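Each value in this text was obtained by applying a stated rule to the coordinates, not by laboratory testing. Since the structure is predicted, the reported quantities are computational estimates derived from the model, not experimental observations. Backbone-built Cβ (ideal geometry, glycine too); neighbour counts: all protein chains shown.
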Amino acid sequence: MSGKYPFAGRRWLSITLRSLHLVGVVLTAMAIFGNSPHQQAAFISTFVTGLGLFGIELWRSREHWKELAGAFVLLKLLLVLAMILMPSHAGSLFWILLISSSVISHAPKSFRHRRLFG
């Protein structure tokens, strides 16, 4: 199968991962700002689902990481890892991630897909 979805279940896998990623983001916010005892699990779920979403994009286009949107995902994954390793900075990192993600994801396609490398 060619086109945007190279296998029949890709779209549903993407929808499922995006939904679970949002759950992870909400749980992360609750863990940081509500002092939940499950802070590390929330960070890890956000990281793992983000990594899965990035993997799907790389499967679709191996060049994705060379574009602003793909490079930004790598940066976000590093910042989520920083939240895990430095929980005292998690609140600030959360807001940086949330706001910058909104800006990049809603920017024009020509901006998001601008090639940064090669």
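May I ask you to derive the relative contact order of the chain, considering only C-alpha pairs under 8 Å and at least 6 residues apart, and to give it as an integer percent? Don't jump to the answer; show the numbers that get you there.
Numbers: 98 pairs, mean separation 28.1, N = 118.
The normalised contact order for the chain reaches 24 percent.
Distance between the modelled labels on residue 112 and residue 92, one decimal in nanometres: 2.9 nm (7 Å Cα→Cβ projection). Projecting the Cα atoms of 89, 37, 118 onto the charge dipole of the chain, computed from C-beta unit charges around the Cα centre, puts 118 farthest toward the positive end.
Each Lys and Arg Cβ is given +1 and each Asp and Glu Cβ -1; about its Cα centre, the chain then shows a dipole of about 500 debye. With θ taken as phi - 60° and the Karplus curve 6.51 cos²θ - 1.76 cosθ + 1.60 applied, the whole-hertz 3J(HN,Hα) list for segment 22-38 is 4, 4, x, 5, 5, 5, 4, 4, 4, 5, 6, 9, x, 6, 5, x, 9 Hz, x standing for glycine and proline.
Considering every pair of different Cα atoms, what Kirkwood radius, in Å, is found for the chain?
In the chain this quantity evaluates to 15.0 Å.
The trypsin sites (Lys or Arg not before Pro) of segment 61-118 that DSSP puts in a loop, and whose beta carbon has at most 16 other beta carbons within 10 Å, are 62, 114. If the segment from residue 30 to residue 71 were pulled out straight at 0.36 nm per residue, it would be longer than the present Cα-Cα gap by 12.0 nm. Here's the picture: charge each Lys and Arg Cβ at +1 and each Asp and Glu Cβ at -1 in the chain, and of 102, 72, 8 the one pushed furthest to the positive end of that dipole is 8.
Between 0 and 90 degrees, the angle of helix 90-106 with respect to the longest Cα principal axis of the chain falls at about 30 degrees. Per-residue ellipticity at 222 nm computed for the chain from its helices equals -24000 deg cm²/dmol, with DSSP H segments shorter than 4 residues left out and the rest contributing -39,500 (n - 2.57).
A crude spin-label estimate for the pair residue 59 and residue 38, with each label 7 Å from Cα along the Cβ direction, gives 2.6 nm.
Taking amide hydrogens as placed 1.01 Å from N in the peptide plane, the amide H of residue 67 sits under 5 Å from those of 116, each at least 5 positions away in sequence or on another chain.
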